[in-house]
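Engineer: Structure incoming, see below.
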Amino acid sequence: MISVDNVAVEHSGSTLFSNISFAINETDKIALMGKNGAGKSTLLKIIAGQSKPTSGSVSAPKDFVVSYLPQHLLTSDDCTVMEETSKAFASYLNMKTEIDRINEELTVRTDYESEEYYKLIEQVSELSEKFYAIEEINYEAEVEKVLLGLGFVREDFTRLTSEFSGGWRMRIELAKILLQNPDLILLDEPTNHLDIESIQWLEDFLMNKAKAVVVISHDRAFVDNITTRTIEVTMGRIYDYKAKYSHYLELRKERREQQQKHYEEQQRTIADIQAFIDRFKGTYSKTLQVQSRVKMLEKMEIIEVDEVDTSALKLRFPPSPRSGKYPVIVDEMSKSYGDHVVFKNASMTIEQGQKVAFVGKNGEGKSTMIKAIMGEIEFEGKCELGHNAMIGYFAQNQASLLDESLSIFETIDQIAVGEVRTKVKDILGAFMFKGDDINKKVKVLSGGEKTRLAMVKLLLEPVNLLILDEPTNHLDMKTKDIIKDALKAFDGTLIVVSHDRDFLDGLVTKVFEFGKKRVKEHFEDINGFLRNKKIENLKEVER
């Protein structure tokens, strides 16, 4: 279907990858994996035709439609959500307009025998054949269905796109892609701006309605649910597994163990040969044998062991200072902005040491509740913090609050105290800031790098109530695992807002669901909550 042939990319003299070849078949659902900087996004751009490789080519059949959603993108600002999303049907609507225009022209022309007249008839016939081969589209209904699935409400349809945040504009672009019904959908981190319900809707769409899909994502559960093939980019080459992500991890471990075994055997052989050469290189009777072994060494292809990140340092939060038995008590809290009610009469009690998740659609009040707990906004009702509550807070925009004039090392060094000061480089290494990287200024870092740095800062401050608002956006799976392990071992109280099920799994023991102007308490982990939610949704459909 689409063929990637001997593709190579070089940047400033260094090779990102070379001679990469694979085919994407018409129903493939592929996860593109690899550590940060391996070249995943570059490869996706090349397949999308947005970038050119240094050498090699990508070929596809005629009229083949590829749709690409990059990590960072902005829609235009001069139209409503409905108008912008309807652009997905531009070619269909343009075709209809052109047919109408030609038919109109044919009714007023009288040069029936002329060559121009015949050309117009041929043109309208060809267009009509194409147009009527497409099933008639009620495009407004299709647009509505997709926008509602991605979390918009009907009142949003007539609002200008300029009124929405970057995350919501990303959803508009995603809606346009899904409506175009392309032959191949390329998605780079599509779940970063989606809540749990929207992710479930997207999963269902990609599994049951999309043709071929290639996705880069750090949401392990999402990748596992939608893909059946994994292509790993590592050390300038690829490995292609006919397996979903979790199975690929097992196969990759086996592959690396085999490589290590063969590498060690080869090193022993090389050592034996070298020992023979060193021992007999001046001995006349052994000259031929020595020369033969030297040639053998020269011809030998050295086995490479694929890189494994050895930086999975065990991170630990400092012991948390003692706090009261109930760090957070909310009683009959209500919050409105003008006529818009966010939630009414919300109550919650969070015990010392509990780890809880705030979940629900975007805009239902999760971040508002956090601002109320932090004392940043006014509200009706009560919110009390327990004795000696010391809050560590990670906001969605935490990365933008860093001092851009400092280097990475200076940012951490100025808050590290005691024994931790001797481990600053190790801690930064665990978050993939290595070597000379630690001297980079914060202002030149990408969004993901700033997020990681803000997270390191949080790890070093002694607190007993941690509040994390979407902490895993832009983080790769390895970094998320490091943070999750540190949070599991954290002996204080944790409130986390997240749509990343894999991150919440095994971390939280209680869920507060925000929706329909209410806050509902679920005494179960995230998997139990989702199982029950699906049952509830079925009942709602039956009603």
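The values are calculated or read from the model by the stated rules, or taken from the named source; none is laboratory data. All figures in this text were calculated on a predicted structure; none of them were measured in a lab. So basically every Cβ, Gly included, is an ideal-geometry build from the backbone, and we count neighbours across all protein chains shown. In case anyone asks, the SASA skips ligands and DNA or RNA and just uses the protein heavy atoms, side chains included. Shrake-Rupley method; radii C 1.70, N 1.55, O 1.52, S 1.80 Å.
Engineer: I'd like the full set of residues that are acidic (Asp, Glu), part of a loop (DSSP other than H, G, I, E, B) and over 16 Å from PHE433 (Cα atoms), limited to region 460-478.
Structural biologist: The answer is GLU461, GLU470.
Engineer: Further question: Within region 220-260, how many residues are more than 29 Å from HIS499 (Cα to Cα) and in a helix (DSSP H, G or I)?
Structural biologist: 7
Engineer: Further, regarding this structure: When the residues of region 385-398 are filtered to those that are over 31 Å from the mean Cα position of the chain (by Cα) and surrounded by 14 or more Cβ atoms within 10 Å (Cβ to Cβ), which remaining residue is farthest from PRO319 (Cα to Cα)?
Structural biologist: Per the criteria, the residue is LEU385.
Engineer: For region 218-229, what are the residues that are surrounded by 22 or more Cβ atoms within 10 Å (Cβ to Cβ) and in contact with a Ser or Thr (Cβ under 6 Å, 6 or more places away or on another chain)?
Structural biologist: ASP219, PHE222, VAL223
Engineer: May I pose another question? Just one of (1) hydrophobic (A, V, I, L, M, F, W, C); (2) within 27 Å of ASP156 (Cβ to Cβ); (3) out of contact with any helix residue (DSSP H, G or I) (no Cβ under 6 Å at 6 or more places or on another chain) trips up ALA212, so point out which.
Structural biologist: Exception for ALA212: condition (2).
Engineer: Still on this model: Among (1) buried (at least 21 other Cβ atoms within 10 Å of the Cβ); (2) under 25 Å from ASN138 (Cα atoms); (3) modelled with pLDDT of 90 or more, which single condition is LEU174 missing?
Structural biologist: For LEU174, the failing item is (3).
Engineer: Output the residue which, of all residues in region 408-453 that are of a type in the set (S, T, N, Q) and surrounded by 18 or more Cβ atoms within 10 Å (Cβ to Cβ), is modelled with the lowest pLDDT.
Structural biologist: Only one residue tops the list, namely THR451.
Engineer: Okay, moving on. Tell me, which residue of region 107-163 that is touching a helix residue (DSSP H, G or I) at 6+ places or on another chain (Cβ under 8 Å) and among the small types (Gly, Ala, Ser) is surrounded by the most Cβ atoms within 10 Å (Cβ to Cβ)?
Structural biologist: Per the stated criteria, the residue is GLY151.
Engineer: Something else now. In this structure, is THR85 within 27 Å of LEU445 (Cα to Cα) and either out of contact with any helix residue (DSSP H, G or I) (no Cβ under 9 Å at 6 or more places or on another chain) or surrounded by 15 or more Cβ atoms within 10 Å (Cβ to Cβ) (or both)?
Structural biologist: Criteria not met by THR85.
Engineer: Output the residues belonging to region 250-270 that are under 20 Å from GLU298 (Cβ atoms) and open to solvent by 100 Å² or more (accessible area, probe 1.4 Å).
Structural biologist: Listed by number, the list holds a single entry, ARG268.
Engineer: The conditions are (1) modelled with pLDDT of 90 or more; (2) out of contact with any Ser or Thr (no Cβ under 7 Å at 6 or more places or on another chain), and GLY363 fails exactly one of them. Which is it?
Structural biologist: Unmet condition: (1).
Engineer: Name every residue in region 370-420 that is more than 19 Å from GLU332 (Cβ to Cβ) and among the charged types (D, E, K, R), in order of residue number.
Structural biologist: Of everything in region 370-420, those that are more than 19 Å from GLU332 (Cβ to Cβ) and among the charged types (D, E, K, R) turn out to be GLU376, ASP403, GLU404, GLU410, ASP413, GLU419.
Engineer: If you check SER198, SER128, which single one turns out to be farther than 19 Å from LEU69 by Cβ and either of a type outside the set (S, T, N, Q) or out of contact with any Phe, Trp or Tyr (no Cβ under 8 Å at 6 or more places or on another chain) (or both)?
Structural biologist: SER128
Engineer: Go through region 491-520 and report how many residues are open to solvent by less than 20 Å² (accessible area, probe 1.4 Å), assigned to a loop (DSSP other than H, G, I, E, B) and in contact with a Lys or Arg (Cβ under 8 Å, 6 or more places away or on another chain).
Structural biologist: Count: 3.
Engineer: Do any strands (runs of 3 or more DSSP E) entirely within region 1-58 hold 1 or more residues that are open to solvent by 60 Å² or more (accessible area, probe 1.4 Å), and if so, which?
Structural biologist: The strands (runs of 3 or more DSSP E) meeting that bar are 2-11, 14-24.
Engineer: State whether one or more residues within region 184-198 are at pLDDT 90 or above and within 28 Å of LYS96 (Cα to Cα).
Structural biologist: Among the residues of region 184-198, at least one is at pLDDT 90 or above and within 28 Å of LYS96 (Cα to Cα), which makes the answer yes.
Engineer: List pairs: first residue in region 385-413 and assigned to a loop (DSSP other than H, G, I, E, B), second residue surrounded by 12 or more Cβ atoms within 10 Å (Cβ to Cβ) and at pLDDT 90 or above anywhere in the structure, Cβ distance under 6 angstrom, at least six positions apart or on different chains.
Structural biologist: GLY386/TYR326; GLY386/PRO327; ALA389/PRO327; ALA389/LEU465; MET390/ASN464
Engineer: Any idea which of GLU173, GLU203, GLU155, GLU189 is free of Cβ contacts under 8 Å to residues at least 12 places away in the same chain and under 30 Å from ASN397 (Cβ atoms)?
Structural biologist: Step by step, each of GLU173, GLU203, GLU155, GLU189 is checked, and only GLU155 is free of Cβ contacts under 8 Å to residues at least 12 places away in the same chain and under 30 Å from ASN397 (Cβ atoms).
Engineer: Right, next: Among the residues of region 230-249, which ones are touching a residue at least 40 places away in the same chain (Cβ under 8 Å), among the hydrophobic types (A, V, I, L, M, F, W, C) and open to solvent by less than 30 Å² (accessible area, probe 1.4 Å)?
Structural biologist: ILE231, VAL233
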